[in-house]
Each structure stands twice: as structure tokens, then as C-alpha cells.
Amino acid sequence: MRRDIEAYLSADWDAHARDFVADGFFGIDGLRSSNPDSWRPLYPSLEAYARNWIDFARQSIGVEYAEDHRMATYRATILRDIDIQADFAVAHKKFDGSIARADGGVDRLNWQTVYLCRKLGDIWKIAGFLGYLPNPMGTADRPTQPAIRVPASSQHVTAGPYSPVLEVAASRLVVISGQAAVGPDGATLAADFASQARATLLNCAAQLAAAGCTLADVFKVNCYVTDLDHWPQFNAVYLDIMPKPLPVRTTVQTGLLGDFLVEIEMWAAKP
């Protein structure tokens, strides 16, 4: 755990890479939801996970905190439960705490990860994980779906990955402003379209989590892209991340600020 935290605080992936086994590695992103229907296999390889890890670590370095970032991270991190069976182990790492930012805001650490570990020789290594789950679990459980696709609705054969009509049961709505592939320091997280689309959707998920929602609660999505030739790439990333029933969606081509290639806003029904 110490090597993990120190590597993250310095955005030094090489110092952490030795804790993983690349062969057969995979990671499932729980998207802060207790509902397995929302979980997505966003990290099919160690390389894919490393890119995401580095992006988040660099974002963290760009934030000015009002307290010692290192001490606050150690304070909020718990690695206590490890179940070992022969050369296989499951380790539970949880975050429970907060870190005060210099701008008066607070970074809340309230998620958990289940690491799947293998013993290679005398050394334990991480072979996969189910991560970014809510802590405690159950905070995003749903007795019913907030949005249901209307069975009688239809759409043309060239339609994208979205529902034509949804019926929504909601007493409270959560609306997030347009999100882009930008870190807390204002820097763009990626240059290519697919990476920007993925980072943008994950930023949307983070904003929804602040209001107690997940992507599974979203019923309406508005997407803005600088070039509709990116439509196939966008749909591929979108299908990887968005749970079903897919929200209704509108996508238009327009100019965007700076070097952003995509911007997304969402409407969600709060349970």
C-alpha cells in the first residue's frame, strides 16, 4: 500500500508497475455503482489501466490542497482484509475520508477496490481488479430502474446506441453542465478523440457521483463534437461505458473551446 500511495502522489507509474502481472491482466470499473449492470470492462490490459492511472495521478498533482496531501491520503486509505487461498488472494482496499483543497472545496474519498492477486514465486502481484465501487456498498442500489425504454418506440436502422423514447420515474432530477476531457488544473487530458470521449464520460460519472447518482440513473444525454466523422469512435466508447437501458441522446457538430473534441451534458433521475 505504501508503494502504491507514494507512486501515485508522484505520478511515477514505473515505481508501481512491478506490483502487477501484465499477462492476462484486466480491470472492471464499477463506475461508483453497487449495481453490477453498470460495471464496465474498461481496462482490458495493464497498459490501458496504466494510462488511466497516470492521468488521474497527474490531475491530483495539479490540485493545490489546504492540508498535507500525503498524510491525508494515508489517513483515508484502508487495506485490512486479505483472503488467501493457496497462490490466490483477494485484497480489499477502501478509501474513507476527505482532503481539503486550497480553493475551499473538498475531495471526498469514498470508494473501494477489490484486487485479484497471484503469488509468483515468493512475490504477490496484482492480476486484476474490480474497482471504483462505492464505499460503503449499497449506496447506489436501485429497487427499480429510473428509466424504462418504451416498448412501442422504434428507430431507423442507422440509429446510434441510444433509446428513442424513455419513460422516467423521478421525484428529483440531477443535471450536470457540459463536461470535457479536462483535469482539475484545466489541462486537456488527451489529444485523440477516443481518449477524450472516454475521459469526458468518466468526468460525467464523477460529477454525478457528487450528487449521489451514477451513469445508470442518466436518461438524457446531449453530445457536442467538433467533427461528426468521429461518430463511429464515439459510439464504440459510449457503448463500453454507458449502462442499459441507454439514455435518449442528441449529438451535434459544433465548435468547442480550446482543443476539446467532445463535450457532454447529462440529465439523471435521482433515486
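The values are calculated or read from the model by the stated rules, or taken from the named source; none is laboratory data. Computed from a predicted structure; not experimentally measured. Heads up, the Cβs are rebuilt from the backbone with ideal geometry, glycines too, and the neighbour counts pull from every protein chain shown. Heavy atoms of the whole protein, side chains included, go into the accessibility calculation; ligands, DNA and RNA do not. Shrake-Rupley method; radii C 1.70, N 1.55, O 1.52, S 1.80 Å.
A count restricted to region 241-259 and to residues that are under 16 Å from residue 197 (Cβ atoms) and in contact with a Pro (Cβ under 9 Å, 6 or more places away or on another chain) stands at 3. For region 83-102, state whether one or more residues are within 28 Å of residue 236 (Cα to Cα) and out of contact with any Cys (no Cβ under 7 Å at 6 or more places or on another chain). Within region 83-102, not a single residue is within 28 Å of residue 236 (Cα to Cα) and out of contact with any Cys (no Cβ under 7 Å at 6 or more places or on another chain). Selection of region 80-100 for residues being over 20 Å from residue 134 (Cβ atoms) and either open to solvent by less than 40 Å² (accessible area, probe 1.4 Å) or in a strand (DSSP E or B) (or both) yields 82, 83, 84, 85, 88, 89, 100. Filtered by the rule that a residue be modelled with pLDDT under 90 and either part of a loop (DSSP other than H, G, I, E, B) or touching a His at 6+ places or on another chain (Cβ under 7 Å) (or both), region 64-79 gives a lone residue, 64. Just one of (1) under 15 Å from the mean Cα position of the chain (by Cα); (2) not in a helix (DSSP H, G or I) fails for residue 220. It is (1).
From 127, 147, 169, which residue is at pLDDT 65 or above, crowded, with 16+ Cβ neighbours inside 10 Å and not aromatic (Phe, Trp, Tyr)? Sole residue among the options that is at pLDDT 65 or above, crowded, with 16+ Cβ neighbours inside 10 Å and not aromatic (Phe, Trp, Tyr): 127. Sub-7 Å Cβ pairs linking a first residue in region 28-42 that is free of Cβ contacts under 8 Å to residues at least 12 places away in the same chain to a second residue that is open to solvent by 10 Å² or more (accessible area, probe 1.4 Å) and of a type in the set (S, T, N, Q), at least 6 apart or interchain, number zero. Count of region 1-46 residues, restricted to those that are open to solvent by less than 30 Å² (accessible area, probe 1.4 Å), among the aromatic types (Phe, Trp, Tyr) and within 20 Å of the chain's Cα centre (by Cα), is 2. Of the residues making up region 221-240, those that are surrounded by 19 or more Cβ atoms within 10 Å (Cβ to Cβ) and either in contact with a Lys or Arg (Cβ under 9 Å, 6 or more places away or on another chain) or over 15 Å from residue 198 (Cα atoms) (or both) are 221, 223, 237, 238.
Report whether or not residue 53 is touching a Gly at 6+ places or on another chain (Cβ under 7 Å), closer than 26 Å to residue 210 by Cα and open to solvent by 10 Å² or more (accessible area, probe 1.4 Å). So residue 53 fails the test. Does any residue of region 159-182 turn out to be part of a helix (DSSP H, G or I) and free of Cβ contacts under 8 Å to residues at least 40 places away in the same chain? No; the residues of region 159-182 include none that is part of a helix (DSSP H, G or I) and free of Cβ contacts under 8 Å to residues at least 40 places away in the same chain. Looking only at region 232-270, residues that are within 16 Å of residue 161 (Cα to Cα), in contact (Cβ under 8 Å) with a residue 40 or more places away in the chain and part of a strand (DSSP E or B) come to 5 in all.
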